[in-house]
Amino acid sequence: MFTNGWNIFDFIIVLGSLILYNTPFVSVLRIFRVLRVFRTITTIPTLRRIVSALFMAIPTISSVLIIMTIIFYVYAILGTSFFGEISPPEYFGDIFLSFVTLFQIFTLESWASGIFRPIFIEEPLSWIYFITFIVIATFIMINLIVGEIVNNAQKISDDIEEETKEIKEDTSEISELRKEIREIKEMLQKQS
């Protein structure tokens, strides 16, 4: 009963609710029961594979994030240098504003109408800056992350397929052994 982690978790929540019954902390404990939704990850094999692939991709994703930070830094300096004096200065007025602006561009959230067009009116070649940033940061980097997750999911699927193949081979060996034992029994019965 208490070998399952979820049972222990439930026991702690219920016990804590009983101990802290007339206190404001009891509602906080009950909110923790929402975390039981994570149990679906452990019960559904496909979800477990996806989460495993995400965790396996963390080292590669951290490397991609370092590269993205460098790209953001370079483009923030370029944006501050090229567009810092162009109005409105709240986009590229200093390097910190440039980082925030680049993050908005990275998410593709109203970057064209809100950021690009006012700058494009004053600096017609600014499209080169924006398009190269979007292609490099958004499309290439996100595809690297998604590609790594898909690659890890494929590795997990291959491992599962190999394990099931071994189980099938073991099952066929067991059925052959059963057949041989049956034949031996028949031979022994005929001799007696």
Carbon plus sulfur fraction of accessible area for the stretch 66-183, probe 1.4 Å, in percent: 65
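What accessible area per residue comes out for the stretch 134-192, rounded to a whole number of Å², with a 1.4 Å probe?
For the stretch 134-192, the solvent-accessible area averages 83 Å² per residue.
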Positive dipole terminus of the chain, leading residue within F92, M141, W127 (C-beta point charges): M141
Per residue value of the accessible surface for the stretch 1-41 (all protein chains in place, 1.4 Å probe), Å²: 80
Charge dipole magnitude, Cβ of K and R +1, D and E -1 - the chain, Cα centre, debye nearest 20: 920
Relative pair counts by distance (%), Cα atoms of the stretch 55-114, 10 Å bins: 23, 44, 23, 9, 1
Relative contact order for the stretch 1-72, counting Cα pairs under 8 Å that sit 6 or more residues apart, in percent: 19
Accessible carbon and sulfur surface of the stretch 14-60 relative to its total accessible area, %, 1.4 Å: 76
Radius 14 Å from Cβ of D158, net charge of other residues (Lys, Arg +1; Asp, Glu -1): -2
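What do you get when you divide the Cα radius of gyration of the stretch 50-192 by 2.2 N^0.38 Å, with N the number of residues?
Against the empirical 2.2 N^0.38 Å value, I get 2.06 for the stretch 50-192.
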Where Cα atoms sit under 25 Å apart: lysine pairs in the stretch 97-192 separated by 8 or more or lying on different chains: 5
Cubic angstrom per residue, convex hull over Cα atoms of the stretch 88-134: 65
Under 5 Å, built H, 5+ apart or other chain: amide partners of Y91: none
Order by protection proxy (mean Cβ within 10 Å, highest first), peptides 72-83, 112-123, 4-15: 72-83, 112-123, 4-15
Residue-normalised accessible area of the stretch 79-122, expressed per residue, 1.4 Å probe, Å²: 58
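The values are calculated or read from the model by the stated rules, or taken from the named source; none is laboratory data. Every value quoted in this text rests on a predicted model; they were computed, and no experiment measured them. Using ideal geometry, Cβ is built from the backbone for each residue, glycine included, and neighbour counts are taken over all protein chains shown. These area figures cover heavy atoms from the full protein model, side chains too; ligands, DNA and RNA do not enter into them. Shrake-Rupley method; radii C 1.70, N 1.55, O 1.52, S 1.80 Å.
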